[in-house]
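The structure under discussion appears below in the form of structure tokens.
The values are calculated or read from the model by the stated rules, or taken from the named source; none is laboratory data. Just so you know, these numbers come straight off a predicted model, no measurement behind them. Here Cβ is always computed from backbone atoms with ideal geometry, including for glycine, and neighbour counts include all displayed protein chains. Surface accessibility is based on the protein's heavy atoms, side chains included, excluding ligands, DNA and RNA. Shrake-Rupley method; radii C 1.70, N 1.55, O 1.52, S 1.80 Å.
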Amino acid sequence: PNKQDVVKRQFLSFEELNGILSMAKKGALYQTGCPQTKAWIARDMLIMTLFMNTGMRRTALSEINVDDISFEDMSITVTDKRDKTQIYIITPQIKKAIEDWLPLRAKILKDTKSDALFINKYKTRLSDKAMYRLVEEYSQIAIGKAISPHKLRASFIALYYEASGNDIQATCEAVGHASIATTSIYISKRNDSRKQAMEFMGKNLNTHL
């Protein structure tokens, strides 16, 4: 059966993504002077950096443990949908964001033990629902509309697909989809090939007889 995507996909530009990052960096959700403001800003910056640089699902992001990070291999091992293991490369941007957050995380925890990379003010694992709210709140301030983590994932797919020269196989592998059919749902159909073909034919056909 022919599967059709009835959901209207919404993608963000790099300008919009950078706007959201800017609000996170400024700590737009926190009061100045609060003792832990610096820590929450660092945490949120790492969350946004991982969302935007990897296209990771929020459920997978919330489950990352500190031990999943390897600076030796420069990688993060993540358990994704259906318990599938995904390995993400630590780029210089991600490395800096991790290094900014980990010492501040340790100060918040003090003698409390936690495996979770992302924690909340109660020193427990930050839930995927809390991450959802963070993305919504930062995007509302930055671009005037509440964006979900899934929209960040969709934007990653669309932007990388375009940058890869429309290589759908590479995009599928980068985002961890099980099949190209799933990836194709996220890709905007611009009909460029048909337009180019029609323009080519129009230039070479003499319709003014």
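Can you report the number of residues in the range 64-100 which are open to solvent by 70 Å² or more (accessible area, probe 1.4 Å), more than 16 Å from Glu173 (Cβ to Cβ), part of a loop (DSSP other than H, G, I, E, B) and not acidic (Asp, Glu)?
Total meeting the criteria: 1.
If Thr91 meets every condition in (1) free of Cβ contacts under 8 Å to residues at least 40 places away in the same chain; (2) within 17 Å of Asn65 (Cα to Cα) apart from one, which number is that one?
(2)
If we scan the range 99-115, do we find a residue that is modelled with pLDDT of 90 or more, under 23 Å from Met56 (Cα atoms) and in contact with a helix residue (DSSP H, G or I) (Cβ under 6 Å, 6 or more places away or on another chain)?
There is at least one residue in the range 99-115 that is modelled with pLDDT of 90 or more, under 23 Å from Met56 (Cα atoms) and in contact with a helix residue (DSSP H, G or I) (Cβ under 6 Å, 6 or more places away or on another chain).
Within the range 26-43, track down each residue that is without any contact (Cβ under 8 Å) to a residue 40 or more places away in the chain, within 21 Å of the chain's Cα centre (by Cα) and over 19 Å from Leu117 (Cβ atoms).
Residues satisfying the conditions are Lys26, Gly27.
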